[in-house]
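The values are calculated or read from the model by the stated rules, or taken from the named source; none is laboratory data. Treat the numbers as computed from the prediction; the structure is a model and nothing was measured. Quick reminder, even Gly has a Cβ in these numbers, built from the backbone with ideal geometry, and neighbours come from all protein chains shown.
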Amino acid sequence: MRKVFLILICMISIIGMVFAGGAGESSGQTTLTVLDAFVPSEGVTYAWRDSLGKFEEAHPDVVIDEETISNADLTIKVQTLGAADELPDLFALKGQMAENFAKNGKLMPLNEYLEMYPEWAADFKEGVFSNFTFDGNIYAIPYQVTNTCVFYNQAIFDEAGIESFPTTWDEFVEVCKTLKDKGYTPIVLGNKDKWNAESVIMSTLGNRVSGNEWYESIRNRTGAKFTDPEFVGALEALSQLVEVGAFNSDVNSIDDAQQLQVFMNGQAAMTIDGTWAVTTIDQSCPEEVLKNVRLAALPAVEGGKGDPNAISGGSGWGMAVNADLPEEKKAIVGEFLHEVFDRGFATVMASYGNPTAMVTDEFTLDESQLVARAFDDFQSGRAYVPVYDHQLSSGLMQVMQSGLQELLIGTITPEQLAADIQAQYEKEAL
Amino acid sequence: MASSYLQPKTRKIYAILLPGILIYLLCCFVPLLFAFFYSFFNWNGGGQKEFIGLGNYAQLLSDRMFWDAFINNIVFIIWTVIGQIGIALVVAMLLMSKYVKCKTFHRTVLFFPVVLSAVVVGFLWRIIYNKDYGFLNLFLNFIGKEEWIKPWLDDPDLVITSLAIPKIWQYIGYYLVILLAAINSIDMSILDSAEIDGAVGWKKTVYIVMPLIRNTLIVTVMLCISGNMKTFDQIYVMTGGGPGTSSMVVAIYAYQVSMERMDYGYGSCVAIGILILSLLLILLSKVAGKGRNSDD
Amino acid sequence: MINEKLVKGTRICGRTIINIALWLLSITCIFPIVWMIYSSLKTQKEFAIDIISLPQKPAFSNYVQAITEGNLGTYFMNSVYYTVISVLIAVILSFVIGYILSRFKFRGRTFIYYFFLAGMLIPIYALLIPIFLEFKAFGLLNKRITLILPYIAFALPVGVFLVESYVKAIPWEMEEAACIDGCRFGQTMSRIILPMCQPVLSTTAILSFLNTWNEFPLALVLIRSNRLKTMPLGVTNFVGTYTVNYPLMFAALSISALPVIIVYLLFYSKVMNGMVSGAVKG
């Protein structure tokens, strides 16, 4: 019995060794190791493949050694590699991790590259670097942007006799009441994963009330507090919606996909979501609902300081470069970044209905991409306000996101939640 | 217990144990010591680690979130020890009895949930608990008990129980395999003679089988406690610790501290805290198990 | 007479209830697998609209797409390779260690017991960075042997404890008899005890196969080459930044669940063989 085991082990090990021979690197070639999250069948992946193919064709002497992992797992791997000083040459970096990595000296400033190719630098949209900029240094090239907006079902609005999308918060609350009385879920939200309410609603709503100054002061720690009326007011506005029953009762137990499912089945009048929903709605929404989908920005809050047309948006992910990049690779990495993440990349991405970090060339959207086309019109000329979880610390976000779950079921008051967030904020300052 | 003339020399014992212990040392114990070492530092991934002595442990002692999470774990463990091992034991006895038909079929399919990924189990149970089209509420409606309909995963007081049920259900098969192996090792003639003496059904289980598989039961409880102190995937998929932090458990908390806040020093401290608490719970259960036995 | 009939009647009734209850439990255990498989045959659109309904026309192309896009062929073979080797070695080591711990008294016995227990109790996410640093120092990263070592290590505690508790229940007389017949330690262990441990070793094999096959965090951080990656990594290929392609993911998960079920069916008859081969009396 044991002999059989031993023989088996030996055989399998030998087979293993045979296959284990590493791929040799021929002389004169440079290898760039890349760690990214470009998983199959996403718009950004098509753009990446397309650009990467062109780069490899133009640089036969460069070997791209790529590893792809889904984004949730990527953060674990990048952190582990970072702590062990084993980061690859280039790697995808989450905005929230950028500050820690930059302060720990893991990232190479990329300003030089942007100065080296001024036309390239000029193509980036305003504000897309803000999640990756610390002390004037830019630490990652953003390749993807997300925005959020309200998707609503015109047919349900008509049925409830609502003539147009409300422009003030009070009207908005009234509209929710009317819709509720008609038997619809006014706003469907899937907040199970906790980031949703904060990312797609509070980031925008917070700005409507507080305006940009308060937020800048929070981010730079120059005196603003979460217990200021600017922020408490925004929480109260959200609370008003909760009070009239604007959200589905299972708001904290369904996820983003189920949220869209309810909306696409015509059971909810509105849903608030990010631009990733655009492709899903275009691909999966039944015809009779799809033709009634309209887009809107969250209404203005009375007395608020924010721009009522702004939508939240920003670049959650960027491509960063290892601070320990060998000198001889520096030039080729510059070429890589500017040739791969170029207008062409942005254009391919846009043609799949994704917002981009860069201006694009002319592109056509398919007839079937109804919502993508609508979004393209909708977003033009609008200012972006930052998404909280792109820029504020994870500790703070955990408190805020958990607290918002409680706010949505009425187990915490706006004042209490604001105090909790402020307590965490002060703790982190130490 | 061991007759001395059968026991090999101690040196020989060590030599035989060496390969296993070496591998374990390298891959499990040394990293654990590393984690213990980090727990005395303030470290967020950079080159600098700041020694803060017992600072992290002091923080842990007064960390409300950790202790709330630990209480959730305790509730979870009580549910699952009773549910998983209890049901598995009952099913194992039924499968050994002559009253049950299609034994092979039952034994086979009861293991199916164990092989499913937490994503699938979590997804399905979220559908079962769903308020609109959830099977559970449809069923309660069907039997006319509308008043029992509850927001299963949305009620902070209910959520831990709602999460324990899928976990119990999923792992019945796991403990069933362990218990069946142990019960099978019991000499069947003992059971037969007990039956002649009139010990049937529950009496047979409690007075004859349980003592005979006592060692295995202790190990099973140990596995159950350690597994549920580390419970992560399924809760992460189903509620992520919510609503608020009402279903937070220690493993998710340790993950958040280390992997989301990048506070590796304190994260290691939380992990060591979990290790110590688990060890205490296991010792406690062993003492309880032994105590009851001496009463017999 | 009437009383006897009544007793018999309740018994039949009791048996029926027991059987029905067991059937209900079993059905709840089958449904998820059935659901996963038929969901893996839906289009993404069908799944997005209705999670429960059957596919209108089974889309077997999901499997083709999952296998090609997810690189599942290579990953599957790698997983088989790592898992088979680690489980084999882990079962042998667990047997030896468990046997010695349960039978003999020696210095350090208790220590070794708690040594194995401790490793079982720490959350894996706390060990990722230490293990990575250690493997980096030993030059063990991203090799074919990389994952085998920790997989053996992490399978050991459960195996050791199961064997230890099982051997305790085996009467000591067996070995004494063998000893009188002139068997030495090694022979006693392999000829007398090993066959008797078949059920517990099969259990260990099933459980360690299950855990090793599904292991994720270590494979994620210790391996970087595609040619060395495992199934669980392949499955996450369908988790996008903001959306998940559930039908493809379920296709991959269905493929991934199959080997565990096969191993269970193979070993499980051995669990039930019980003491037949060892034949303990008294």
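In the set (1) farther than 22 Å from B:LYS230 by Cβ; (2) in contact with an Asp or Glu (Cβ under 9 Å, 6 or more places away or on another chain); (3) of a type outside the set (D, E, K, R), the condition left unmet by B:GLY122 is number (1).
Taking region A:264-287 as the region of interest, how many residues are more than 12 Å from chain C (Cβ to nearest Cβ) and either in contact with a Pro (Cβ under 8 Å, 6 or more places away or on another chain) or in a helix (DSSP H, G or I) (or both)? The qualifying residues number 3.
Regarding A:VAL399, is this residue of a type in the set (A, V, I, L, M), over 18 Å from the mean Cα position of the chain (by Cα) and not assigned by TED's automatic domain parsing to the domain that holds A:TRP195?
When the stated conditions are applied, A:VAL399 does not pass them.
Within region A:338-354, one or more residues are part of a loop (DSSP other than H, G, I, E, B), more than 14 Å from chain C (Cβ to nearest Cβ) and within 16 Å of A:PRO142 (Cβ to Cβ). Considering each residue of region C:206-217 in turn, at least one proves to be within 14 Å of chain A (Cβ to nearest Cβ), assigned to a helix (DSSP H, G or I), over 15 Å from the mean Cα position of the chain (by Cα) and within 30 Å of A:GLN79 (Cα to Cα).
Selection of region A:351-377 for residues being crowded, with 16+ Cβ neighbours inside 10 Å, more than 16 Å from A:PHE151 (Cβ to Cβ) and of a type in the set (A, V, I, L, M, F, W, C) yields A:ALA357, A:MET358, A:LEU365. Pairing residues of region A:151-179 that are in a helix (DSSP H, G or I) with residues that are acidic (Asp, Glu), at Cβ distances under 9 Å and at least 6 apart in sequence or on separate chains, gives A:ALA155/A:GLU288; A:PHE157/A:GLU163; A:TRP169/A:GLU302; A:ASP170/A:GLU302; A:VAL173/A:GLU243.
Can you list the helices (runs of 4 or more DSSP H) lying wholly within region B:1-116 that have 2 or more residues being more than 8 Å from every other protein chain (Cβ to nearest Cβ) and under 16 Å from B:GLY273 (Cβ atoms)? Steps first, answer last, please.
Details: elements: B:10-24, B:30-38, B:55-61, B:64-80, B:86-96, B:103-109, B:112-115.
Result: B:30-38, B:55-61, B:64-80.
Which residues, counting only those in region B:162-181, are more than 14 Å from chain A (Cβ to nearest Cβ) and among the hydroxyl-bearing types (Ser, Thr, Tyr)? Listed by number, the residues that qualify are B:TYR171, B:TYR174, B:TYR175. If the condition is being basic (Lys, Arg) and either under 28 Å from A:GLN398 (Cα atoms) or under 21 Å from the mean Cα position of the chain (by Cα) (or both), then region A:160-194 contributes A:LYS192, A:LYS194. Among the helices (runs of 4 or more DSSP H) confined to region A:77-150, the ones with at least 3 residues that are in contact (Cβ under 8 Å) with a residue 60 or more places away in the chain and under 30 Å from B:LYS49 (Cα atoms) are located at A:95-103.
For region A:223-270, name all the residues that are β-branched (Val, Ile, Thr) and out of contact with any helix residue (DSSP H, G or I) (no Cβ under 8 Å at 6 or more places or on another chain). Give the steps one after another, and end with the answer.
As a first pass, look at region A:223-270 and keep what is β-branched (Val, Ile, Thr): A:227, A:232, A:242, A:244, A:251, A:254, A:262.
Residue satisfying the conditions is A:VAL262 alone.
Say whether the condition of being surrounded by 19 or more Cβ atoms within 10 Å (Cβ to Cβ), under 30 Å from C:LEU218 (Cβ atoms), in contact (Cβ under 8 Å) with a residue 40 or more places away in the chain and more than 14 Å from chain A (Cβ to nearest Cβ) is met by at least one residue in region C:35-55. Yes, region C:35-55 has at least one match. In region A:195-222, the residue that is nearest to the chain's Cα centre (by Cα) out of those that are of a type in the set (Ser, Thr, Tyr) and either crowded, with 24+ Cβ neighbours inside 10 Å or in a helix (DSSP H, G or I) (or both) is A:SER199.
In this structure, C:GLY98 does not satisfy being within 14 Å of chain A (Cβ to nearest Cβ), touching a Gly at 6+ places or on another chain (Cβ under 8 Å), crowded, with 20+ Cβ neighbours inside 10 Å and in contact (Cβ under 8 Å) with a residue 60 or more places away in the chain. Would it be correct to say that B:ALA251 is at pLDDT 90 or above and either of a type in the set (Gly, Ala, Ser) or farther than 20 Å from B:ILE82 by Cα (or both)? The answer is yes for B:ALA251.
Would it be correct to say that C:PRO123 is without any contact (Cβ under 8 Å) to a residue 40 or more places away in the chain and crowded, with 17+ Cβ neighbours inside 10 Å?
yes
Scanning region A:379-397 for residues that are without any contact (Cβ under 8 Å) to a residue 60 or more places away in the chain and crowded, with 20+ Cβ neighbours inside 10 Å returns a single hit, A:LEU396. Would you check which residues across region B:251-290 are in contact with a helix residue (DSSP H, G or I) (Cβ under 7 Å, 6 or more places away or on another chain), basic (Lys, Arg) and either crowded, with 24+ Cβ neighbours inside 10 Å or away from chain C (no Cβ under 11 Å) (or both) and list them? Within region B:251-290, just B:ARG261 meets the criteria. Within region A:359-378, no residue that is farther than 13 Å from A:VAL348 by Cα and assigned by TED's automatic domain parsing to the domain that holds A:VAL128 sits with its Cβ atom under 8 Å from a residue that is modelled with pLDDT under 90 and acidic (Asp, Glu) at 6+ positions apart or across chains. Residues in region A:241-260 that are surrounded by 24 or more Cβ atoms within 10 Å (Cβ to Cβ), assigned to a helix (DSSP H, G or I) and facing another protein chain (nearest Cβ under 8 Å): A:ASP256, A:LEU260. Just wondering, is there one or more residues in region C:229-236 that are under 24 Å from the mean Cα position of the chain (by Cα), within 9 Å of chain B (Cβ to nearest Cβ) and in a helix (DSSP H, G or I)? Taking every residue of region C:229-236 in turn, at least one turns out to be under 24 Å from the mean Cα position of the chain (by Cα), within 9 Å of chain B (Cβ to nearest Cβ) and in a helix (DSSP H, G or I).
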